[in-house]
1. Let me spell it out: the conditions are (1) surrounded by fewer than 18 Cβ atoms within 10 Å (Cβ to Cβ); (2) over 29 Å from ASN2 (Cα atoms), and LEU50 meets all of them except one. Which number is the exception?
2. Which residues, counting only those in segment 59-76, are more than 16 Å from VAL99 (Cα to Cα) and surrounded by 13 or more Cβ atoms within 10 Å (Cβ to Cβ)?
3. Under 8 Å between Cβ atoms, which residue pairs at least 6 apart in sequence (or on different chains) link something in segment 111-127 that is over 12 Å from ILE6 (Cα atoms) with a partner that is modelled with pLDDT under 80 and in a loop (DSSP other than H, G, I, E, B)?
4. Of SER101, SER92, which residue is among the hydroxyl-bearing types (Ser, Thr, Tyr), within 21 Å of GLY3 (Cα to Cα) and surrounded by 13 or more Cβ atoms within 10 Å (Cβ to Cβ)?
5. Pick from ARG48, ARG7: which is more than 20 Å from ALA88 (Cα to Cα) and within 11 Å of the chain's Cα centre (by Cα)?
6. Looking at this structure, is ILE27 buried (at least 18 other Cβ atoms within 10 Å of the Cβ) and of a type in the set (Val, Ile, Thr)?
7. Taking segment 24-40, which residues are over 15 Å from GLY96 (Cα atoms) and assigned to a helix (DSSP H, G or I)?
Amino acid sequence: MNGFLIRLAIGMLGLWVAQAIVPGVTITGLGTLALAAFLLGLANAVVRPLLVILTLPITLLTLGLFLLVVNAAVLALVASLLDAFMIAGFRSALFGSCVVSVVSWLASGWIGPSGKLEVLVIERRTD
């Protein structure tokens with residue numbers, strides 16, 4: 001349960017940074033932010049794999065760049081489910097999904113598979 005809450009907080013951080021720096025992404029309220037992070041995690045676990053499989057030919061033709069469009073579509077889907085989460089257009093969804101991905105990737109680098117904070121300590125041995 002602790003790992004779930006940490007990953008939810010990371011998703012919330014990513015969405016908060018996206019709404020702070022991407023024009024056209026608006027999230028009103030902390031509850032909406034938490035619900036959007038939960039729904040985005042759910043959509044990334046259920047809907048996104050189906051979209052990736054269905055769009056595999058065009059993804060291969062574009063050398064993987066079409067996955068950015070898939071990510072934007074998933075973010076726009078979550079925004080369409082919530083009244084207090086608005087995305088102005090495709091460009092806002094595209095840049096917003098990129099920001100959420102980068103922030104989540106950077107924050108998840110500190111979290112291990114068990115959901116706990118992990119820090120790598122390197123000590124130099126002198127023999």
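The values are calculated or read from the model by the stated rules, or taken from the named source; none is laboratory data. From a predicted model like this one, the values you see are computed outputs, not experimental measurements. Backbone-built Cβ (ideal geometry, glycine too); neighbour counts: all protein chains shown.
1. LEU50 satisfies every listed condition except (2).
2. Hits for segment 59-76 are THR59, THR62, PHE66.
3. GLU118/TRP110; GLU118/GLY112; VAL119/TRP110
4. SER101
5. ARG7
6. When the stated conditions are applied, ILE27 passes them.
7. Of everything in segment 24-40, those that are over 15 Å from GLY96 (Cα atoms) and assigned to a helix (DSSP H, G or I) turn out to be LEU30, GLY31, THR32, ALA34, LEU35, PHE38, LEU39.
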